[in-house]
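Everything on this sheet refers to the single structure shown next.
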Amino acid sequence: MSASPYIVGNWKMNGTRAMLAEARAIDRAAARYPGVQVALAPPFTLIQPFAEAAQAIATGGQDCHVAAKGAHTGDISAPMLADCGASFVIVGHSERRKDHGESDALVKAKAEAAIDAGLGVIVCVGETLEERDAGKAEAVVSKQVDKSLPSAEAIAELAPGRISVAYEPVWAIGTGRVAEVEDVVAMHAAIRARITAAYGDKGEGVRILYGGSVNAENAAALLAAEGVGGALVGGASLAAESFVAIIAAAGTESVA
Ligand code: 13P
């Protein structure tokens, strides 16, 4: 398990240039928490200005195409993300799986394209409420991990920490209904087992983040839970005040 917690904001389809001031405030505050790795994934339109302004935090994309270039109107490739300053990309978010019909195989291909382009990657997985109620949560998520992660060959040269898995139960996203800590611990253990099955010892540096209604109040308990290597934060990452409170829950403020 990596030593420093990884706190990532996913702005989804939110933010115009007026929001850059908020991002800069997050960046300035993040610099006071050197033990926490902080990142933000703004919409495509803000990646370049945000990456140019950011000092302490990484900038990422929320999706990429599997191809490096070509006739794919409206899509953005992983090398294009890297070209405008992104250092990572989120793939397989449940909103993309649902809104765009993305399969595990497509998510895996996107993750491998991201790695080829030199980006870090956050692969999202998570069960629906129906799947949880049917007692299938662990099986569903384990299968997603097995089929969505980049192949062991694709990560042969990977630095530790370059790949993360985000466990985001679909029913906890944007609902204010956060998963119980004991359920998070159980699911992260199941995900860890699949990561080890995929990569063996090389998988030790793969962090598992929790996502779904993380906020200033619940962050400390979630981040302290066994196997939780960080958080993927939606709504609460849109304002510096709430996002910085989550960063503060993950680490200690430097006094320098
Ligand atoms: P919320 O934090 O708004 O629930 O969103 C979580 C999420 O989907 C992050 O990717």
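Computed from the coordinates by the stated procedures, all read-outs in this text should not be read as laboratory data. Keep in mind that what you see is a predicted model, and the values were worked out from it rather than measured. Methodologically, a virtual Cβ is constructed for each residue, glycine included, from the backbone with ideal geometry; neighbour enumeration extends over all protein chains shown.
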Let me make sure I get this right: for the range 110-256, a, b and c are the square roots of the gyration tensor eigenvalues over alpha carbons, sorted descending. Under 1.5 in a/c it's rounded, otherwise prolate if a/b > b/c, else oblate. Which is it?
oblate
Scan around GLY9 for amide H atoms under 5 Å from its own, H built in the peptide plane at 1.01 Å from N, and keep only partners 5 or more places away or cross-chain.
ALA39, LEU40, ALA41, VAL233
Counting only residues 5 or more places away or on other chains, whose amide H sits under 5 Å from the amide H of HIS65 once H atoms are built in the peptide plane?
ILE76, SER77, ALA78
Violations at 28 Å Cα threshold for listed pairs LYS98/LYS143; LYS143/LYS202; LYS98/LYS202; LYS108/LYS202; LYS147/LYS202 -> LYS98/LYS202
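Pulled fully out, how much extra length does the chain show between ARG177 and LYS147, if you take 0.36 nm times their separation in residues and subtract their Cα-Cα distance? Could the numbers behind the result be given before it?
Numbers: separation 30, 0.36 × 30 = 10.80 nm, distance 2.73 nm.
Value of the extension gain: 8.1 nm.
Find, to one decimal place in angstroms, the Kirkwood hydrodynamic radius of the range 1-109, where the mean of 1/r is taken over every pair of different Cα atoms and then inverted. Let's see the in-between values first.
Working: mean 1/r = 0.0679 Å⁻¹.
Here the Kirkwood hydrodynamic radius works out to 14.7 Å.
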Just to be sure I understand the curve: with the Debye formula and one point per C-alpha of the range 70-144, what is log10 I(q)/I(0) at q = 0.13, 0.25 Å⁻¹?
-0.45, -1.17
From the phi of every residue in the range 26-32, what ³J(HN,Hα) in whole Hz does the Karplus formula 6.51 cos²θ - 1.76 cosθ + 1.60 yield, where θ is phi - 60° and glycine or proline is x?
4, 4, 4, 5, 4, 4, 7
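So which trypsin sites (Lys or Arg not before Pro) in the range 66-140 pass both tests, a DSSP loop state and at most 13 other Cβ atoms within 10 Å of the Cβ? Mind dumping the intermediate values first?
On the way: sites: LYS69, ARG96, ARG97, LYS98, LYS108, LYS110, ARG132, LYS136; in loops: LYS69, LYS136.
Of the trypsin sites (Lys or Arg not before Pro), the ones in loops of the range 66-140 whose Cβ has at most 13 other Cβ atoms within 10 Å are LYS69.
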Spin-label point model (7 Å from Cα, Cβ direction): what's the ALA197 to ALA224 distance in nm?
3.2 nm
Could you pull out every residue, at least 5 positions away or on a different chain, whose amide H is within less than 5 Å of the one on GLY211? Hs are placed 1.01 Å off N in the peptide plane, and Pro or chain starts have none.
TYR167, GLU168, LEU232
Output the Cα-based Rg and Dmax of the chain in Å, rounding Rg to one decimal and Dmax to a whole number.
16.8, 52
Per residue of the range 99-110, what does 6.51 cos²θ - 1.76 cosθ + 1.60 with θ = phi - 60° give for ³J(HN,Hα)? Whole Hz please, x for Gly and Pro, Karplus curve as stated.
5, 10, x, 6, 8, 4, 4, 5, 4, 4, 5, 5
Which ³J(HN,Hα) values in Hz, rounded to whole numbers, follow from the phi angles of the range 38-47 under the Karplus curve 6.51 cos²θ - 1.76 cosθ + 1.60, where θ = phi - 60° and Gly and Pro get x?
10, 8, 9, 10, x, x, 3, 5, 10, 4
